[in-house]
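Worksheet for the structure shown next.
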Amino acid sequence: MNPLNVLLQSRVAQGPIPAAEVMALALYHPEHGYYRRQTSPWGFDGKDYYTALDLGPLLGQTLALRLEAAWERLGRPVTFTALEPGAGRGWLGRDVLNAISGPFAEALVYIHRDDNPAARRAAEAALAPFLTENRARFSAENEPIEPFVGAVFSNELFDALPAQPWRWDGEGWTREVLTAGGPEWQAADPAEARAWFSSQTDGLQARDGSIWCEALPNLVQELAAPLAAGLFLTVDYGETADRLLAKGADLRRFKAHSVDGKWHEDLGEADLTADVDFTRLATLLEDEGLSDLSHMELSKWIRTHAPLDQWGAEWMALPDAERKARTENLLQLTLPNMLGSRFRVLEGWKGKKD
Ligand SMILES: C[S@@+](CC[C@H](N)C(=O)[O-])C[C@H]1O[C@@H](n2cnc3c(N)ncnc32)[C@H](O)[C@@H]1O
């Protein structure tokens, strides 16, 4: 039997468990958690889900340009630290490092920060040449981050934090819990979340709801406080606070490339994600001294920042199969209803204004 279910059975016999606690156990139990497993759940074949990085290098190539622009804005510092929390297999870092050249490449030091053991092994392979040249290194999640100049960037980090769904039933707040009979919505006090939800809406309708991520403030502070100056950029699932409230956000389970709401099944063997509240994320970053905060759909961000004319010309020189792969990568990132329309990119700046 699934070891996490055994653990939960004895706990649930004593009372309902909030969905956020189930998600924490399912993803981060030190031995059986989905992100603490020894085998990798990513990719296309026989795996649970793929990310923008499985589609090709274009996200990393566009990010590389945003990082280089940040380096210029900072006055071309000798060392530009690019910290990636939740770096997984290190593919985004690899794609960035492959895309840069010249003085910027000499300045950039990439730091992979993620305790996921299966991902770490994949990252050691993906980053091998850069590790040898001291252009990349690993950092454990509990390693203090010294103040630095450069950038913090992430892909699908915040949607992997344990999160609690709340719903307004017309008279009071309910939260999703796991009981011995299965998941239920039970009346409860949303405490701190209540003030946030009500500040984001003029009037709640029954079944409006949202996600409250308890760990968000601490993680934002841990990552943004050491950034002395530079760019904070994050790519993630999610919406603005008012849209989340109207949508009634839930937890999602990814398993074998299908997605559903069965967050309490196959614990430790399926990925669980929650929408990120981009309004709250931006507010927390503002509290950490970031400015110029904005976020947009990934598809728009690519169309805004990728040098499409230049790519088009360069791709003409590629062999057919590679040109086709790049074109598909671009379409997935930019067409409506494809991956690029399901993600948002948030950018913020720390340090002196232009
Ligand atoms: C959905 S995966 C994304 C991996 C990778 N960025 C990608 O796009 O393929 C989320 C990752 O975040 C990591 N993670 C969760 N909390 C973290 C934290 N506080 N610091 C660093 N990594 C964290 C998990 O271990 C997991 O590998």
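Computed quantities for the displayed model
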{"read-out": "Candidate set from segment 183-203 (those that are closer than 18 Å to THR240 by Cα and in contact with a Ser or Thr (Cβ under 8 Å, 6 or more places away or on another chain)); member that is surrounded by the fewest Cβ atoms within 10 Å (Cβ to Cβ)", "value": "GLN200"}
{"read-out": "The one condition in (1) under 19 Å from the mean Cα position of the chain (by Cα); (2) surrounded by fewer than 19 Cβ atoms within 10 Å (Cβ to Cβ) that LEU231 fails to fulfil", "value": "(2)"}
{"read-out": "Test: residue in segment 50-72 that is assigned by TED's automatic domain parsing to the domain that holds LYS300, more than 16 Å from the ligand (Cβ to nearest atom), without any contact (Cβ under 8 Å) to a residue 12 or more places away in the chain and not in a helix (DSSP H, G or I)", "value": "no"}
{"read-out": "Filter result (within 14 Å of the ligand (Cβ to nearest atom) and on the phi > 0 side of the Ramachandran plot) within segment 86-110", "value": "GLY86, GLY88, GLY90"}
{"read-out": "Qualifying residue in segment 234-255 (condition: assigned by TED's automatic domain parsing to the domain that holds ALA140, assigned to a loop (DSSP other than H, G, I, E, B), touching a residue at least 60 places away in the same chain (Cβ under 8 Å) and within 16 Å of the ligand (Cβ to nearest atom))", "value": "no"}
{"read-out": "Single residue of segment 111-129 satisfying the filter (hydrophobic (A, V, I, L, M, F, W, C) and in contact with a helix residue (DSSP H, G or I) (Cβ under 9 Å, 6 or more places away or on another chain)) that is farthest from the ligand (Cβ to nearest atom)", "value": "LEU127"}
{"read-out": "Qualifying residue in segment 121-140 (condition: at pLDDT below 95 and either on the phi > 0 side of the Ramachandran plot or assigned by TED's automatic domain parsing to the domain that holds TRP71 (or both))", "value": "yes"}
{"read-out": "Contacts under 6 angstrom Cβ, first residue in segment 211-222 being farther than 20 Å from ALA191 by Cα, partner within 13 Å of the ligand (Cβ to nearest atom) and modelled with pLDDT of 95 or more, 6 or more apart", "value": "none"}
{"read-out": "Qualifying residue in segment 35-56 (condition: closer than 30 Å to THR174 by Cα and touching a helix residue (DSSP H, G or I) at 6+ places or on another chain (Cβ under 9 Å))", "value": "yes"}
{"read-out": "One residue from GLU141, GLU146 being over 27 Å from TYR34 (Cβ atoms) and among the charged types (D, E, K, R)", "value": "GLU146"}
{"read-out": "ASP260, sole failed condition from (1) crowded, with 17+ Cβ neighbours inside 10 Å; (2) modelled with pLDDT under 95; (3) away from the ligand (no atom under 16 Å from the Cβ)", "value": "(1)"}
{"read-out": "Test: residue in segment 143-159 that is more than 20 Å from VAL220 (Cα to Cα) and either more than 15 Å from the ligand (Cβ to nearest atom) or of a type in the set (A, V, I, L, M) (or both)", "value": "no"}
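The values are calculated or read from the model by the stated rules, or taken from the named source; none is laboratory data. Predicted model only: the values in this text are computed from it and were never measured. Methodologically, a virtual Cβ is constructed for each residue, glycine included, from the backbone with ideal geometry; neighbour enumeration extends over all protein chains shown.
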